[in-house]
Every structure is written in C-alpha cells, then in structure tokens.
1. I need a count of the residues in region 102-122 that are buried (at least 22 other Cβ atoms within 10 Å of the Cβ) and within 25 Å of VAL64 (Cβ to Cβ).
2. Inside region 203-241, can you point out the residues that are under 27 Å from THR291 (Cα atoms) and in a helix (DSSP H, G or I)?
3. Which numbered condition trips up LEU45, out of (1) part of a strand (DSSP E or B); (2) more than 21 Å from VAL133 (Cβ to Cβ); (3) open to solvent by 40 Å² or more (accessible area, probe 1.4 Å); (4) not aromatic (Phe, Trp, Tyr)?
4. Run down GLY66, GLY62 and say which single residue is touching a helix residue (DSSP H, G or I) at 6+ places or on another chain (Cβ under 8 Å) and assigned to a helix (DSSP H, G or I).
5. Picking from ALA150, ALA166, ALA176, which residue would you name as being exposed (fewer than 15 other Cβ atoms within 10 Å of the Cβ) and closer than 22 Å to GLY251 by Cβ?
6. Does region 203-232 hold any residues that are surrounded by fewer than 16 Cβ atoms within 10 Å (Cβ to Cβ), in contact (Cβ under 8 Å) with a residue 24 or more places away in the chain and either of a type in the set (A, V, I, L, M) or more than 30 Å from PRO319 (Cα to Cα) (or both), and which are they?
7. Please specify each residue of region 243-265 satisfying the condition of being part of a loop (DSSP other than H, G, I, E, B) and open to solvent by less than 10 Å² (accessible area, probe 1.4 Å).
8. Please determine, by comparing only the residues of region 54-74 that are out of contact with any Gly (no Cβ under 9 Å at 6 or more places or on another chain) and either without any contact (Cβ under 8 Å) to a residue 24 or more places away in the chain or over 19 Å from GLU202 (Cα atoms) (or both), which one is most open to solvent (accessible area, probe 1.4 Å).
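The values are calculated or read from the model by the stated rules, or taken from the named source; none is laboratory data. Model, not experiment: these values are computed from the prediction. Methodologically, a virtual Cβ is constructed for each residue, glycine included, from the backbone with ideal geometry; neighbour enumeration extends over all protein chains shown. Heavy atoms of the whole protein, side chains included, go into the accessibility calculation; ligands, DNA and RNA do not. Shrake-Rupley method; radii C 1.70, N 1.55, O 1.52, S 1.80 Å.
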Amino acid sequence: MVEIERSVTEAATRLLANVERVVVGKREQISLVLSALISGGHVLLEDVPGTAKTILARTIAGSVEGASFARIQCTPDLQPTDVTGLSIYDQKTREFEFRAGPVFANVVLVDEVNRAMPRTQSALLEAMAEQQVTVDGVTRHLPSPFLVIATENPIDLEGTFPLPEAQLDRFVLRTALGYPTEQEEVSIVAAQRHGHPLDELESAVSADELRALQAAVEDVYVDELMLQWIVQLVRATREVEGVAIGASVRGSLMLERTARAWALLHGRDHVVPEDVEWLFVPVLAHRLVLTSAYLAETRALGRTELLEQIRRRALELAPPPAPDWDR
C-alpha cells in the first residue's frame, strides 16, 4: 500500500474549496465532477437551464493555473470541423494550415450536446476516448489535463438527437446540479450584487499539482474484497429485474477508478463501501437500458426514485463485503 503524500491531499482540498467559492452549496456534485477530472474521465450534466453548469466548468478551468476553457454551443447545423478544427489553404505559403477547434482546450463545455447532429456528436468520441482528434488523416493530441463537460436539458426535447449508448458509455458519470436551497439562493443573489465571484477567482493549484493528483489516484488502496464486490455489483445490474441491458466491463473499470478519485478528494488513501454505494447511480445509471415494461410500471416514480430502486435491487443481489469477526 503506497502512502499518499500530504501535499497531494492538500491540493485536492484547495481545488475543491476554490470551486465552492463560486458554485455555492453543491459540494457533493462538485466532488463528482472533480473526481472525473482527476480520474481522466468526462461528465454529462443533465439539468435545467440556470443551475450553474457553465459557471462550474469555467470555475474548474480558472482554478487550475494556465488551464484553458472553451465552450461549444451545440445546434443542428454544427459541423464536426466546428469542434475539431480544419485545415485552411494559405495562399501566401501555398500550404494548408491547421486551425485548431475549441476541443483543443483543457476544459471543454459542450452545451446541449443532444442538439448537435449525430455526425457531430461522434466527432467527440475520439476526443473523449483517445484524447486526440484526426483531421485530414493527421492525428493531433489534445492538451492535458482534458475534461469534457457536456450538458443536456431534460425538459425541452424538441429538435434533439438522443445520445447513443456508445457515446453515453464514454462519460464516466452523469449527474445534475439541481436548484440551490432558499438560503443558498439568497447568498448567490447577494454575492453577485456588485459583480460575479468568477471575476475575482484565482487559481488554486498548478498544472503540476493537478498531474500529481491524477497520478495519486493510482495509489489509492482498493482491497481485493472491495474489487471483487465492485465487479459483482456491476454484474448484478445485468440481472436486476427491469434492466434489459446492464453495465459493461467499462462500468466496472469506471466505478473502481472513480471510487479511488472520490476517496482521494475526501482525504482518504483507501476506498470504503460507502464510496461505491454513493457512486452507483452517477457512474452506472446512464449505462443501463431499462425495459419498456418496467418503465411503464414505474412511470409514476420520479427519475431519482426509479434509479434508487434499481440501486437497492442491485445491492440485494450483491451486498457489500462485511468483515468476518468470528474468524
């Protein structure tokens, strides 16, 4: 078991606290997105407008020294080259010059990703999976760190193109920020009376510290019993009543790696069962395909209760490990 350096956990604490200065009252959701960042994954935020999704992305970029931010506003006429960039002929040099697209940034906000045509959505697949893009036969690597935060509006579905399962599976987790409490909303209004807190935001960690955080994820301890249980839990999603297609092996990989990052952000050098149970819905729910019969039976339930029911059923099939004190 490798000991996590104190400087690494301190950097994680500073990063989380810095983002919370701007995005108020969303500690758990911020921790989820930062877990994706330091584990090398990407995030899908499914929420209504005005819940600080853009602000969160900009704040994360502003919290890392030297990190760049780009926003892609998806519309049906958005072309793949509008995302990746394209080669333009320079008449002076008589050569083609590559103009990089907005995906060549450290933090990329893909706003309303389901409004883009499937061909444009697919342009993100290589970037998210391989951290590179290929244009005109030439492969170009994207900067590191690289985080894609895509958003969807779950209410206004007119003129949208649902993400295929293959692309949904590329997101390490899906979550929502939700509305703040009344008191938090009062604090937000008061804080923006004379300007936005984002305007005064300063970086909290350097690029080297963030890379050290990402490397430290590898050193977070996962006991063999925990690892076996994580796999059993993911496999249980393939047997749960109401689930037509369960999570794939990528679900096991992402759940284990995100649990490591989650533990690190919470100041621990090891993963505990509560980490995995809490991460079940954000990491696995968007990888499941539910049967039409089950959806019809549970149409009166909200999405939160529906997914919680699936989680409980999976935990019944694969209960968390418990120490055998009698041995």
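1. Residues in region 102-122 being buried (at least 22 other Cβ atoms within 10 Å of the Cβ) and within 25 Å of VAL64 (Cβ to Cβ): 6 in total.
2. Listed by number, the residues that qualify are TRP229, ILE230, VAL231, GLN232, LEU233, VAL234, ARG235, ALA236.
3. Condition (3) is where LEU45 drops out.
4. Just one listed residue meets the conditions, GLY62.
5. Of the residues listed, the single one that is exposed (fewer than 15 other Cβ atoms within 10 Å of the Cβ) and closer than 22 Å to GLY251 by Cβ is ALA166.
6. Listed by number, the residues that qualify are SER206, ARG211, LEU225, LEU227.
7. Within region 243-265, ALA247 is the sole residue that qualifies.
8. Applying the filter and picking the extreme gives ARG71.
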